[in-house]
Amino acid sequence: MNSCLRARGGATATHRVRFPALWCLLLTGLVLALAPGARAASATGPSPTPPESAAKAPFGVRAGLYGLTTLTGGHFGYALKAGARIEDSAVIYNESDEARTFHVYAADVAHAAGGGLAPAQEGQRMAAVGAWLRLDSDAAVTVRPKSRATVRFSLAVPAGTPPGSYLGSLVTALRTPAVSGGVNTETRIARLVELTVPGTADLQVSLTELEHRPAGGGEEFTVTVRNTGNVLYTFAGTLRVTGGGSPRTVPLTPTGIYVIPGGSATLTGRVADLPALGRRTVTASVTATVPGGAAKRVDSNTVRLTFFPWLIAALAVGGLLVLALLLVTTRRRRRAWLRRRAEERTALRALRRELRAGKPPGGDPREAPVASAEHP
């Protein structure tokens, strides 16, 4: 057997597989692929099959008891009481034709910037599993060509550690020196260390305010999920859109990823086919599920959207204002024209009366005739 598993201080230590999907998600792939198509390691006598990663990289890493327990994916899973300690090991396979030196260290697991989980960088301050896991040897391990080496470690849970789920990783890094003024490259494989401290499970989920903004001819909604409890869970979310007919749902992404206690993840979803005129209400619903355990649903605040064709309305109002201005201007001009016509008709009638009275035209028709006192 390539590893030892001993529980001390009366603690119960078991390898368990509680999160099979998490193993695939948290297996940190190759940062920079160095060489495809490596061959299986040769060793005298029967030996466990190298991990799948060894078939695609110059090296591979698996748990010491891989294939001998219920452990899968080459990762580590423990249930330890506060104050307990356990020992285990990892096996490093060198699939290349030359000796290689690997750097092994423990790290906490945190949320990556683009979503999902990733081990913390070496040199960062570790606060949980990354600080509790100790190597029994130097961090640098040299492995001969086509051989393997066993790295032993211990995991001690501090006394007074609250119950809950704690994640860490055992990282194995292969550093390649720069060639001809190039850059250094590093290939890393991280094996998850999932620790459960028994106690009362507290599944707590909180959501931030549901926000939205125009995007791609629709509305993009974002909401952040926060794990305020002490257990690890996955989540899936949807947007419920009501108004204007039958309700419909829009999926939120990403989905199925894990949120560690104290961690958070942001979900987004886009609602398209919105009306030009009308109202819609949107609510986000997130369901958190502990693998193999309880589930809890949480709803966000409701966002009410009112859609109105402001551009069309502005153009219509502008057109009406222009039309009203034209009507007012035309009306004033017509009134002035009608006044002139009335004055012309009045003058014409006065002229006709003068002509009928025998008075030669040319005088002021508005002047009254004056009788002469002289007689011939």
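The values are calculated or read from the model by the stated rules, or taken from the named source; none is laboratory data. These figures come from a predicted structure and were not determined experimentally. With ideal geometry, Cβ positions are generated from the backbone for all residues, glycine too; neighbour counts draw on all protein chains shown. The protein model used for the area step is the full one, side chains on, heavy atoms only, and it has no ligands, DNA or RNA in it. Shrake-Rupley method; radii C 1.70, N 1.55, O 1.52, S 1.80 Å.
Quick rundown of the values:
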| read-out | value |
| --- | --- |
| Residue match in the range 307-324 (condition: assigned to a strand (DSSP E or B) and under 16 Å from residue 269 (Cβ atoms)) | no |
| Only one of 67, 77 that is buried (at least 18 other Cβ atoms within 10 Å of the Cβ) and either modelled with pLDDT of 55 or more or not in a loop (DSSP other than H, G, I, E, B) (or both) | 77 |
| Residue 235 vs. criteria within 29 Å of residue 78 (Cα to Cα), touching a residue at least 12 places away in the same chain (Cβ under 8 Å) and in a strand (DSSP E or B) | yes |
| Selected residue (only one of 233, 166 is open to solvent by less than 10 Å² (accessible area, probe 1.4 Å) and under 30 Å from residue 134 (Cβ atoms)) | 233 |
| Failed condition for residue 181, given (1) open to solvent by 20 Å² or more (accessible area, probe 1.4 Å); (2) at pLDDT 90 or above | (2) |
| The range 190-232, residues that are in a strand (DSSP E or B) and either among the polar types (S, T, N, Q) or closer than 28 Å to residue 104 by Cα (or both) | 190, 191, 192, 193, 194, 195, 196, 197, 206, 222, 224, 227 |
| Residue in the range 200-207 that is open to solvent by 50 Å² or more (accessible area, probe 1.4 Å) and of a type in the set (Asp, Glu) present | yes |
| Residue check, residue 278 within 30 Å of residue 241 (Cα to Cα), small (Gly, Ala, Ser) and open to solvent by less than 50 Å² (accessible area, probe 1.4 Å) | yes |
| Selection from the range 350-360 of residues that are surrounded by 10 or more Cβ atoms within 10 Å (Cβ to Cβ) and part of a helix (DSSP H, G or I) | 350, 351, 352, 353, 354, 355 |
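So that you can scan it fast, the table gives a plain yes or no per residue for (1) of a type outside the set (Asp, Glu); (2) within 17 Å of residue 94 (Cα to Cα); (3) modelled with pLDDT under 90:
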site	(1), (2), (3)
142	yes, yes, no
147	yes, yes, no
161	yes, no, no
168	yes, no, no
177	yes, no, yes
203	yes, no, no
208	yes, no, no
